[in-house]
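The structure under discussion appears below in the form of structure tokens.
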Amino acid sequence: MVFHPTEFQLHLFHEGALFKSHELFGAHVISEGGRTYTRFCVWAPHASEVRLAGDFNDWEGNGFNFEKVNKEGVWLFVAEQNLTGSLYKYEIITSSGEKKLKADPYAFYSEIRPNTASIVHSLGGYKWNDRSWMRKRDKKDSTSEPVSIYEVHLGSWKKAEDGSFLNYRELADQLVPYVLEHGYTHVELLPLTEHPLDISWGYQTTGYFSVTSRYGTPHDFMYFVDKCHQNNIGVILDWVPGHFCKDAHGLYNFDGGYAYDYLNEHERENRVWGTANFDLGKTEVNSFLISSAIFWLEKYHIDGFRVDAVANIIYRPNSESEVNPHGITFLKKLNSAVGSIRPNILMIAEDSTDWPNVTTTPKHGGLGFTYKWNMGWMNDMLKYMETDPNHRRYHHNKVTFSMMYAFSENFILPFSHDEVVHGKKSLLDKMPGDYWQKFAQLRLLLGYQIAHPGKKLTFMGTELGQFSEWKDKEELDWHLTDYEMHAKLNLFVKELNKLYKRSKPLYQLDSTPEGFEWIDANNHQQSVFSFARRGTNDDDFLVIVCNFTWHAYTGYRIGVPGLERYREILNSDSLEFGGSGVINKKVIKAEKEGFHGMPFSVVMNVPPYGISILRPVKKRKGINANAKEEDGSHASGRRTGEQAKFIDKRTG
């Protein structure tokens, strides 16, 4: 019968290799012989009986009994009617006679919380308009392209006037132009898999195939992704394959015998998050999770995943040292499966461990991710920036140490939501000093992030200069742009992303030592760092100087690679960004005086708490282009009272 799974499908599922298991399991409306049916299929290996309960039978499963298809616990029920739009759950009778009402693990749509039923829903019928994006994406290797990610929690980016959530279509119409204006290449969305509790931010999932109904329908979310793609913005989803919430309607103790989780309590219970760990040694769980990833790629055209809590997969539950071989096998299988279908999908590991070869292919012994979050760089830089500037000289290695391992993996440099919650303070408020100094140091930090090897990620609100932590129940502090320094920081972020995207040395060789060269990494007394970033062409390079103290320097000599004329294309201390105006307005001519181990040198102004980026001036055409850049990165005008006060203090 056409409704029954084939022996081959069942074999692959139980082997852990049915990577489109959502086409078999769940609720599907099927036409056969001129009639329409709704087929339900579920894996419940420990159940003694399975029934279908829903709004079509007053939630009474008697008479809606599933057939057990095989001894491994696949169950099937076919309703002789079209149940599209109906609410349903699986009524599972355990071996002890207990009745459980469970949401469908493979449901495509779910009731809005606090209700928990699954909804029979078809994903067909949406007309995509992103063919151009998809074609280009599948041919593009992101490792040699600019990647600047805007991390977003859709529920608190912006609210409707009455305080309710914006829906996916409203978000598309407002968020996409905003991301485009600010120059980001991607958005990364905190988990949108269905989840019962708002304050979990989506990291405790019940529906791995169900886009959360908080913000609308599946077609609404397709519209959101489509709108992003039409504007050349990639969409990355946070995805949590390591653990899941323990709500009664979810996967926990699904059929009375822990189908998805560990039988052993010590391994099953994730005491850190109050959740349950997936038993990744179960092949059916592998089929389920990898199918989830493939599903989002194919049905919603997602461009990548940030895989949450990889450390919880690499190591055995509740252990920080005992390797979980099943977790390692799962990650390799996941990345291989995704890569075989969409080779240029971004698979990003949120990994806090020192596990080697995370971004090496499984074929060569690695886990197969595209990128790994550089948690070490993030932690070191935030600790360094929070240090009293007068004491930074004693912590110089916090800045230099990252270059000892910067090319061991393909890295993303993250300033994520995790760093601006739970009493950690916002990025702006982490900066020491007075009002002006906080802004100056945040501009410096964001500039250094752009200049350092690795792709970039910042959490929403950073570009506004929020003083308060992220408030997940409220929208961002949009009123801040009415204030001068916040508006100027916002402008700086826009210009920074523009500069990043048009400067090949800042992204082409992110993962190779040839893309970076220290000029002076040893000036701990002044806390000034200088280095060169290089593109694939030998003559395509930038010189970057970062000053992490409030002292300004004129006549400061640094070594440079070429006997060129240099133009400053970005200075975070420019007046238009809220700086004090210590810039290099004129072309700087290199001298035949070796310095810092370089054959030539330049003498320049070094701004306080500032980053300065110099580009060689080439042919006349290049000069014209760079002149435009200069016009866009410097401003004339009167200094504010805060700036004047600071300058007097700095030079006094």
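Every residue, every condition in (1) in a loop (DSSP other than H, G, I, E, B); (2) of a type in the set (Gly, Ala, Ser); (3) surrounded by fewer than 18 Cβ atoms within 10 Å (Cβ to Cβ), yes or no:
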position	(1), (2), (3)
ARG557	no, no, yes
LEU563	yes, no, yes
GLU568	no, no, no
GLU576	no, no, yes
ILE583	yes, no, no
MET604	no, no, no
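How many residues does region 178-207 hold that are closer than 19 Å to LEU297 by Cβ and of a type in the set (A, V, I, L, M, F, W, C)? If you could, list the steps in order and put the result at the bottom.
Start the filter on region 178-207 by keeping residues that are closer than 19 Å to LEU297 by Cβ, which leaves 185-194, 202, 205, 207.
Filter again for of a type in the set (A, V, I, L, M, F, W, C), leaving 187, 189-190, 192.
Within region 178-207, residues that are closer than 19 Å to LEU297 by Cβ and of a type in the set (A, V, I, L, M, F, W, C) number 4.
So PHE459 clears everything in (1) more than 17 Å from LEU427 (Cα to Cα); (2) crowded, with 17+ Cβ neighbours inside 10 Å except one condition, right? Which one?
So the condition that PHE459 fails would be (1).
Filter region 106-151 down to residues that are aliphatic (A, V, I, L, M) and surrounded by fewer than 21 Cβ atoms within 10 Å (Cβ to Cβ) and give me whichever is nearest to VAL179 (Cα to Cα).
MET134
When you scan region 399-447, how many residues do you find that are over 22 Å from ILE583 (Cα atoms), acidic (Asp, Glu) and part of a loop (DSSP other than H, G, I, E, B)?
1
When both residues are 6+ apart or on different chains and their Cβ atoms are under 6 Å apart, which pairs have a first residue that lies in region 91-103 and is without any contact (Cβ under 8 Å) to a residue 12 or more places away in the chain and in a loop (DSSP other than H, G, I, E, B), and a second that is surrounded by fewer than 12 Cβ atoms within 10 Å (Cβ to Cβ) and among the hydrophobic types (A, V, I, L, M, F, W, C)?
If the second residue must be surrounded by fewer than 12 Cβ atoms within 10 Å (Cβ to Cβ) and among the hydrophobic types (A, V, I, L, M, F, W, C), no pairs are left.
Tell me whether region 314-326 contains one or more residues that are in contact (Cβ under 8 Å) with a residue 60 or more places away in the chain, surrounded by 20 or more Cβ atoms within 10 Å (Cβ to Cβ) and in a loop (DSSP other than H, G, I, E, B).
Scanning region 314-326, I find no residue that is in contact (Cβ under 8 Å) with a residue 60 or more places away in the chain, surrounded by 20 or more Cβ atoms within 10 Å (Cβ to Cβ) and in a loop (DSSP other than H, G, I, E, B), so the answer is no.
Based on what the data block shows, is TRP273 closer than 25 Å to PHE221 by Cα, within 22 Å of the chain's Cα centre (by Cα) and not assigned by TED's automatic domain parsing to the domain that holds ALA107?
no
Which ones in region 1-10 are among the polar types (S, T, N, Q) and exposed (fewer than 13 other Cβ atoms within 10 Å of the Cβ)?
THR6
Could you check region 11-57 and list, in sequence order, the residues that are assigned to a helix (DSSP H, G or I) and either crowded, with 18+ Cβ neighbours inside 10 Å or within 32 Å of the chain's Cα centre (by Cα) (or both)?
LEU12, PHE13, HIS14, GLU15, SER21, HIS22, GLU23 - these are the residues of region 11-57 that are assigned to a helix (DSSP H, G or I) and either crowded, with 18+ Cβ neighbours inside 10 Å or within 32 Å of the chain's Cα centre (by Cα) (or both).
Please determine whether any residue of region 384-398 is within 18 Å of the chain's Cα centre (by Cα), in contact (Cβ under 8 Å) with a residue 12 or more places away in the chain and within 24 Å of GLN449 (Cβ to Cβ).
Of all residues in region 384-398, those within 18 Å of the chain's Cα centre (by Cα) come to none.
So far as region 384-398 goes, no, none of its residues is within 18 Å of the chain's Cα centre (by Cα), in contact (Cβ under 8 Å) with a residue 12 or more places away in the chain and within 24 Å of GLN449 (Cβ to Cβ).
Take the residues in region 506-539 that are among the hydrophobic types (A, V, I, L, M, F, W, C) and not in a strand (DSSP E or B), then tell me which one is surrounded by the fewest Cβ atoms within 10 Å (Cβ to Cβ). Don't jump to the end; show me each part of the working.
Going through region 506-539, the residues among the hydrophobic types (A, V, I, L, M, F, W, C) turn out to be 506, 509, 516, 518-519, 521, 528-529, 531-532.
If we keep only those that are not in a strand (DSSP E or B) as well, we get 506, 509, 521.
Details: LEU506: 24, LEU509: 20, ALA521: 15.
Step by step, filter region 506-539, then rank; the result is ALA521.
Go through region 450-477 and count every residue that is free of Cβ contacts under 8 Å to residues at least 40 places away in the same chain, out of contact with any Asp or Glu (no Cβ under 7 Å at 6 or more places or on another chain) and not in a loop (DSSP other than H, G, I, E, B). I'd like the intermediate steps shown before the answer.
Taking region 450-477 and keeping what is free of Cβ contacts under 8 Å to residues at least 40 places away in the same chain, we get 464-465, 477.
Imposing the further condition that a residue be out of contact with any Asp or Glu (no Cβ under 7 Å at 6 or more places or on another chain) reduces the set to 465, 477.
After this cut, where a residue has to be not in a loop (DSSP other than H, G, I, E, B) as well, the list is none.
Going through region 450-477 one residue at a time, the tally reaches 0.
On the basis of being in contact (Cβ under 8 Å) with a residue 40 or more places away in the chain, over 26 Å from ASP510 (Cα atoms), buried (at least 19 other Cβ atoms within 10 Å of the Cβ) and not polar (S, T, N, Q), does PHE330 make the cut?
The answer is yes for PHE330.
Here is a list: GLY155, GLY207, GLY183. Which entry is at positive phi and modelled with pLDDT of 95 or more?
Result: GLY183 is the single residue among GLY155, GLY207, GLY183 that is at positive phi and modelled with pLDDT of 95 or more.
Kindly establish whether MET222 is surrounded by 15 or more Cβ atoms within 10 Å (Cβ to Cβ) and among the hydrophobic types (A, V, I, L, M, F, W, C).
It is true that MET222 is surrounded by 15 or more Cβ atoms within 10 Å (Cβ to Cβ) and among the hydrophobic types (A, V, I, L, M, F, W, C).
Any residue that is surrounded by fewer than 22 Cβ atoms within 10 Å (Cβ to Cβ), under 20 Å from the mean Cα position of the chain (by Cα) and charged (D, E, K, R) - is there at least one of those in region 432-451?
No, region 432-451 contains no residue that is surrounded by fewer than 22 Cβ atoms within 10 Å (Cβ to Cβ), under 20 Å from the mean Cα position of the chain (by Cα) and charged (D, E, K, R).
Pairs needed: first member in region 238-267, at positive phi and among the polar types (S, T, N, Q); second member anywhere, buried (at least 23 other Cβ atoms within 10 Å of the Cβ) and not in a loop (DSSP other than H, G, I, E, B); C-beta distance under 9 Å; at least 6 residues apart or different chains.
From region 238-267, the pairs are ASN253/ASP261; ASN253/ALA276.
Output yes when any residue across region 540-555 is surrounded by 22 or more Cβ atoms within 10 Å (Cβ to Cβ) and outside any strand (DSSP E or B), and no when none is.
Yes, region 540-555 contains at least one residue that is surrounded by 22 or more Cβ atoms within 10 Å (Cβ to Cβ) and outside any strand (DSSP E or B).
Please go through region 478-493 and give me each residue that is surrounded by fewer than 16 Cβ atoms within 10 Å (Cβ to Cβ) and touching a residue at least 12 places away in the same chain (Cβ under 8 Å), ordered by number. Please lay out each step first, then the result.
Kept after step one, since they are surrounded by fewer than 16 Cβ atoms within 10 Å (Cβ to Cβ), are these residues of region 478-493: 478-479, 482-484, 487.
TRP478, GLU484 - these are the residues of region 478-493 that are surrounded by fewer than 16 Cβ atoms within 10 Å (Cβ to Cβ) and touching a residue at least 12 places away in the same chain (Cβ under 8 Å).
One residue is enough: does region 563-571 have a residue meeting the conditions at pLDDT below 95, farther than 25 Å from ASN497 by Cβ and either under 39 Å from the mean Cα position of the chain (by Cα) or of a type in the set (Asp, Glu) (or both)?
yes
Filter region 352-398 down to the residues that are in a loop (DSSP other than H, G, I, E, B) and of a type outside the set (S, T, N, Q) and list them by number.
Answer for region 352-398, where residues must be in a loop (DSSP other than H, G, I, E, B) and of a type outside the set (S, T, N, Q): ASP354, TRP355, PRO356, VAL358, GLY365, GLY366, LEU367, GLY368, PHE369, ASP388, HIS396.
So is GLY163 in a helix (DSSP H, G or I) and not basic (Lys, Arg) or not?
no
Scan region 113-133 and tell me whether some residue there is modelled with pLDDT of 95 or more, under 28 Å from the mean Cα position of the chain (by Cα) and closer than 30 Å to ALA451 by Cβ.
For region 113-133, residues modelled with pLDDT of 95 or more, under 28 Å from the mean Cα position of the chain (by Cα) and closer than 30 Å to ALA451 by Cβ: present.
Go through (1) more than 14 Å from ALA451 (Cβ to Cβ); (2) out of contact with any helix residue (DSSP H, G or I) (no Cβ under 9 Å at 6 or more places or on another chain); (3) of a type outside the set (Val, Ile, Thr) one by one and return the number of the condition TRP550 breaks.
The failed condition is (2).
Regarding SER352, is this residue among the polar types (S, T, N, Q) and either more than 17 Å from the chain's Cα centre (by Cα) or crowded, with 20+ Cβ neighbours inside 10 Å (or both)?
So SER352 does not fit the description; no.
Looking at region 63-99 only, could you name the residues that are over 27 Å from GLY34 (Cα atoms) and out of contact with any strand residue (DSSP E or B) (no Cβ under 7 Å at 6 or more places or on another chain)?
ASN70, LYS71, GLU72, SER96, GLY97, GLU98
Can you say whether ASP279 is without any contact (Cβ under 8 Å) to a residue 60 or more places away in the chain and either surrounded by 18 or more Cβ atoms within 10 Å (Cβ to Cβ) or hydroxyl-bearing (Ser, Thr, Tyr) (or both), as far as the supplied structure shows?
Values: without any contact (Cβ under 8 Å) to a residue 60 or more places away in the chain: yes; either surrounded by 18 or more Cβ atoms within 10 Å (Cβ to Cβ) or hydroxyl-bearing (Ser, Thr, Tyr) (or both): yes.
Yes, satisfied.
The values are calculated or read from the model by the stated rules, or taken from the named source; none is laboratory data. Quick caveat, the model's predicted, so the values are computed rather than measured. As a convention, Cβ positions derive from the backbone with ideal geometry for all residues, glycine included, and neighbour counts pool all protein chains shown.
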